[in-house]
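Please read the structure below before turning to the comments.
The values are calculated or read from the model by the stated rules, or taken from the named source; none is laboratory data. Small disclaimer: the values here were computed from a predicted structure and weren't measured. Neighbour counts run over all protein chains shown; Cβ positions are idealised from the backbone, glycine included. Each accessible area value is taken on the protein alone, full model and side chains, heavy atoms only, with ligands, DNA and RNA left out. Shrake-Rupley method; radii C 1.70, N 1.55, O 1.52, S 1.80 Å.
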Amino acid sequence: MVHLHRIPARPARYGSLSRPLPEAVATALGPQPLWIHQAQAIDALREGTSVVIATGTASGKSRCYQAVIGEALMASPPGTALLVFPTKALAQDQLRALTALGIPGLVAATYDGDTSPEARAWVRRHANVVLTNPEMLHHGMLPFHGRWSTFLRRLSYVVVDELHVLRGIFGSHVGHVLRRVRRVAASYGAGPTFCFASATIGDPARLASALCGLPVKAITDDGSPRGERLLALWNPPLLDADAGFRASANGESARVTAALVGLGARTVTFTRSRRATETVSADIRRRLTQMAAAALTAAAPRDPDPADTDPADTALGRSATLSDANRPNAEQDQAALAEPTPDERAATAEPTADMVRSYRAGYLPSERRAIEADLFEGRIRAVVATSALELGVDIGGLDACVLDGFPGTFASMWQQIGRAGRDQQHSVAVLVAGNDQLDQWLMTHPTEAVTRPPEPVVVNLSNPNVLLPHLACAAFEHPLSLDDERWWGDDLGEGVRQLVLDDRLRLRDGRAYWQGRGTPAPGIGLRSGSSDVVRIVDAGDRLIGTVDAARALETVHPGALYLHLGQQWHVERLDLDELVAVVVPVDLDEYTQVRTQMGVSVLSEDANTMVGRARLAMGAVEVVNHVVGYERRDSRTRELLGREELALPPTRLVTRAFWYTLSDAVIDASRVGPADLPGTLHAVEHAGIGILPLFAICDRWDVGGVSIAHHEDTGRPSIFVYDGYPGGVGIAELGFNAGRRHLDATLAVIERCPCRSGCPSCIQSPKCGNGNEPLDKAGAVALLRTILNDR
């Protein structure tokens with residue numbers, strides 16, 4: 001443990017409304033007085049001002065929109081409300097909360113992919129509060145808005161929860177869906193007020209306004225009470241200083257989680273990948289089984305003798321130490337983390353392996369619902385999840401949260417940490433660092449974890465890959481005209497022109513009509529830009545899971561090893577025409593990683609500037625990615641077991657990028673020779689991508705990179721960092737604007753790493769398609785110092 005930060009408890013601060021709520025609504029909400037941010041939000045919403053409530057977890061954001069919705073239901077004529085959540089689980093959770101209030105006249109129902117046809121018809125006829133998700137709104141409601149005419153005519157409020165996840169391609173799509181909601185509602189005479197709810201993010205009002213196209217007021221003064229929270233930064237032990245090799249973050253996260261569960265703490269552990277979710281949950285179960293066996297073999301209860309104890313297996317392990325420079329009361333703080341009270345010991349049953357479950361995307365709906373029910377009812381002691389459980393589902397009185405690696409953004413970090421301590425009890429969060437650049441940068445800059453302001457969220461509604469499909473959907477819902485500039489501004493004219501040239505729209509009497517068959521909505525995937533999903537099935541055609549088609553070549557290529565619910569599967573066949581991957585169960589102590597060949601072409605340069613002695617440019621590029629094979633590696637040692645070749649088609653991506661070009665004078669001044677230049681550029685590229693999330697709300701998997709000693713389009717040594725989505729979602733623009741700060745941080749992460757020649761903490765990348773070859777750490781330091789020494 002390299003740092004421990006105490007976040008003190010705080011008392012509530014209360015506010016009052018400009019006028020009281022209707023008695024029935026006030027009674028339903030209960031006697032608890034309103035916190036200051038709740039009073040501010042309710043008053044603004046009642047005045048017709050759209051708001052974004054960006055306060056901490058468990059700060060009662062839902063109470064704000066529950067109050068005004070209840071009031072609207074009692075108006076004459078009564079209003080309706082549409083609540084949009086990013087996941088079905090969150091909608092179900094909020095449905096329970098709304099129904100439990102017992103507000104007179106409130107008829108709430110979910111409308112999503114799990115709703116039967118009969119239930120959907122009932123919802124359309126009877127519900128005045130509808131809870132849904134962006135996909136169902138896009139596919140199932142807007143194209144058939146005539147069936148919702150009564151509901152839409154009285155639409156008073158649109159609630160959009162978990163605003164902070166509406167970033168990148170998903171947020172860009174949702175922005176167009178919300179404009180279509182306003183447009184369709186306006187056709188029935190309604191102009192709903194929007195209420196956004198969000199974890200803390202940078203400039204929430206700007207994002208909310210971009211998404212709905214209205215002025216939005218930010219409510220950020222959090223008046224809710226909070227129990228004391230401990231945040232520990234945990235760096236896995238350094239096993240080989242020269243190679244920079246540390247113990248596995250997965251293993252350390254499992255060890256910490258098992259210790260916390262053994263001490264009686266209900267714990268959620270967040271991982272960054274589906275594979276890690278399965279690996280960590282299996283490791284926790286193994287450790288709990290060992291703990292139970294050790295307890296059974298103990299001859300009799302006795303006070304432990306320190307000489308008999310292996311420190312690696314005790315409460316939080318031998319690496320759980322803090323220097324006095326970090327804090328003066330290391331022993332007391334360590335005890336606070338490790339030792340339960342006698343009452344906690346008495347109330348805690350012996351933990352067993354079946355009290356641990358994993359939770360991630362790709363599970364079947366029935367599997368996810370069962371896990372959610374077990375969590376809510378407290379039948380399981382720990383859950384290991386991807387960000388699928390990061391959102392505001394109330395999963396009961398969790399005491400602890402373990403983060404298996406920095407989640408990519410500070411907004412997500414605080415959202416995950418906030419899953420524990422929701423009942424204002426004392427809680428602990430442990431951030432276990434991964435081996436990559438950003439995680440290790442945080443370990444050497446620990447105060448940044450608690451003082452750095454949250455990142456801004458980026459969306460790009462002008463991206464033609466997103467704009468054009470939604471304009472086509474809007475034309476299906478109602479013919480487009482010049483009046484629709486109020487929803488899409490200057491993008492409308494060019495978008496309609498392109499759709500007409502593509503024979504998707506036809507012009508008649510100054511209006512643009514959809515001329516395809518049926519609605520175009522099913523052809524648009526809101527979260528990936530594609531609606532195609534590859535089914536993962538066994539030899540008997542039993543559905544095992546799913547994966548987005550855009551990720552299939554890297555995830556379920558022939559020969560890949562795929563993990564699902566703790567079971568390892570070997571991919572026998574991938575059929576891209578039928579969108580199916582056939583798998584068989586295996587039990588191997590290894591994993592696979594793809595090898596790729598990449599190229600990039602500059603299509604246009606839109607801006608440029610000098611950053612030290614390097615030229616920084618930004619514009620449109622085409623990236624060609626060809627998966628040519630894969631590596632088999634040992635799961636424990638990461639040792640290379642073999643390389644296999646693949647014959648798969650290349651993929652092409654037209655997107656946005658920023659790139660650095662270097663003159664011969666800079667290369668000469670750095671004293672990097674021709675033989676070392678490719679490895680030097682490659683190392684700078686990896687480190688730059690790894691540290692980029694400091695400046696944009698993205699993670700390394702949202703971007704890619706290419707470096708080349710002589711690029712045909714620039715004529716110079718060049719390093720490209722590109723947005724991983726078609727057309728780009730604004731990440732390249734943020735990287736370009738970061739400029740000097742980005743290169744300064746890149747140099748810092750390489751210089752401060754104690755390894756000799758490069759490691760995952762500085763210049764190696766887990767997603768490198770070239771197997772992290774070649775890489776030159778010394779050359780990267782010399783080149784970056786030369787670039788930044790521009791005096």
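Please tell me the relative contact order of region 491-640 in percent, rounded to the nearest whole number, where contacts are Cα pairs under 8 Å and at least six residues apart. Working shown, then result.
Values: 238 pairs, mean separation 21.2, N = 150.
Averaging sequence separation for qualifying contacts and normalising by length gives 14 percent for region 491-640.
Among the cysteines of the chain, those whose beta-carbon sits 4.7 Å or more from every other cysteine beta-carbon are Cys64, Cys195, Cys212, Cys401, Cys473, Cys698, Cys768. Heavy-atom accessible area, probed at 1.4 angstrom with all protein chains present, ranks Arg10, Arg785, Arg368, Arg286 as Arg785, Arg286, Arg10, Arg368, highest first.
Helical runs assigned H by DSSP (4 residues or longer) give the chain a calculated mean residue ellipticity at 222 nm of -10000 deg cm²/dmol, each run adding -39500 (n - 2.57) before division by the residue total.
Multiply the residue gap between Leu214 and Gln424 by 0.36 nm, knock off their C-alpha separation, and tell me the result in nm, one decimal place.
Values: separation 210, 0.36 × 210 = 75.60 nm, distance 3.52 nm.
Going from the current span to full extension adds 72.1 nm.
For Gly619, the residues whose modelled amide H falls within less than 5 Å of its own, excluding neighbours fewer than 5 places apart on the same chain, are Asp606, Ala657. Take the solvent-accessible surface of the protein heavy atoms, probe 1.4 Å, and return the percent of it on region 28-80 that carbon and sulfur atoms account for. Taking all protein chains in place, region 28-80 shows 55 percent carbon and sulfur surface. Each Lys and Arg adds +1 at its Cβ and each Asp and Glu adds -1 at its Cβ; summed about the Cα centre, region 634-791 shows a dipole of about 420 debye. The residues packed around Leu101, meaning those with a beta-carbon under 13 Å from its beta-carbon, carry a net charge of +1 if Lys and Arg are +1 and Asp and Glu are -1. I'd like to know which of Ile7, Leu616, Gly779 lies farthest towards the positive end of the charge dipole of the chain, counting +1 on Cβ of Lys and Arg and -1 on Cβ of Asp and Glu. Projecting each Cα onto the dipole axis, the largest value belongs to Ile7. Computed from phi, the 3J(HN,Hα) profile of region 741-747 under the Karplus parametrisation 6.51, -1.76, 1.60 (θ = phi - 60°) reads 4, 5, 5, 4, 5, 4, 4 Hz, with x in place of Gly and Pro.
Descending by average beta-carbon neighbour count within 10 Å, the peptides 550-557, 218-225 line up as 550-557, 218-225, the highest first.
For Glu23, the accessible surface of its heavy atoms amounts to roughly 150 Å² (probe 1.4 Å, protein chains only, rounded to the nearest 10). Which of the aspartates and glutamates could a cross-linker bridge to Lys777, judged by Cα under 16 Å and excluding same-chain residues fewer than eight apart? Answer for Lys777, where 16 Å is the Cα cut-off: Asp242, Asp436, Asp676, Glu685, Asp744, Glu751, listed by chain and number.
Over region 221-277, Cα pairs under 8 Å with separation of 6+ residues give a relative contact order of 17 percent. Relative contact order of region 71-159: 43 percent, from C-alpha pairs under 8 Å at least 6 residues apart in sequence. Given the C-alpha centroids of region 203-268 and region 462-520, what is the distance between them in whole angstrom? Result: 42 Å between the Cα centres. Region 391-455 and region 74-139 have Cα centres separated by 32 Å.
Compute, for the chain, the length of the dipole vector about the Cα centre, with Cβ point charges of +1 (Lys, Arg) and -1 (Asp, Glu) only. Units Debye, rounded to 20. Present the calculation step by step, with values, prior to reporting the outcome.
On the way: 79 positive and 91 negative charges, 392 e Å.
Rounded to the nearest 20 debye, it is 1880 debye.
Less than 5 angstrom separates the built amide H of Arg756 from those of Ala243, Gly244, all sequence-distant by 5 or more or on a different chain.
Taking the charge dipole of region 442-597 about its Cα centre, with +1 at Lys and Arg Cβ atoms and -1 at Asp and Glu Cβ atoms, the residue from Leu442, Val547, Val500 reaching farthest to the positive side is Val500.
What number comes out for accessible area per residue over region 686-791 if the probe is 1.4 Å? Units Å², please.
Working: 3920 Å² over 106 residues.
Counting only protein heavy atoms, the per-residue value for region 686-791 is 37 Å².
In the context of the full protein assembly, Lys61 retains an accessible surface of approximately 40 Å², using a probe radius of 1.4 Å and ignoring ligands and nucleic acids. Spin-label model, Asp538 to Ser604: label points 7 Å out along the Cα-to-beta-carbon direction sit 5.2 nm apart. Which one is right for this structure if Rg/Rh (Cα atoms, Kirkwood Rh) is calculated from it: (1) 1.02; (2) 1.05; (3) 0.96? Matching entry in (1) 1.02; (2) 1.05; (3) 0.96: (3). Along region 648-665 the Karplus relation, 6.51 cos²θ - 1.76 cosθ + 1.60 evaluated at θ = phi - 60°, assigns HN-Hα couplings of 10, x, x, 10, 10, 9, 9, 8, 10, 8, 10, 8, 9, 10, 10, 7, 4, 4 Hz to successive residues, with x for each Gly and Pro. Along the axis of the charge dipole computed for region 616-761 (Cβ charges of +1 for Lys and Arg, -1 for Asp and Glu, origin at the Cα centre), the listed residues Gly727, Val672, Gly715 are led at the positive end by Val672.
With charges only on Cβ, +1 for K and R and -1 for D and E, what is the dipole size of region 577-706 about its Cα centre, in debye, rounded to 20? Please report the intermediate quantities before stating the final value.
Numbers: 12 positive and 19 negative charges, 93 e Å.
Once rounded to the nearest 20, the dipole reads 440 debye.
Residues whose amide H lies under 5 Å from that of Tyr188, counting only those 5 or more places away or on a different chain, are absent; hydrogens are built 1.01 Å from N in the peptide plane. Computed from backbone phi, the HN-Hα couplings of region 53-63 come to 9, 10, 10, x, 5, 6, 9, x, 5, 5, 4 Hz, rounded to whole numbers (Karplus: 6.51 cos²θ - 1.76 cosθ + 1.60, θ = phi - 60°; Gly and Pro given as x). In the context of the full protein assembly, Asp713 retains an accessible surface of approximately 80 Å², using a probe radius of 1.4 Å and ignoring ligands and nucleic acids. Here Lys217 is the anchor, and the lysines within straight C-alpha reach of less than 28 Å, apart from those fewer than 8 places off in the same chain, are Lys61, Lys88.
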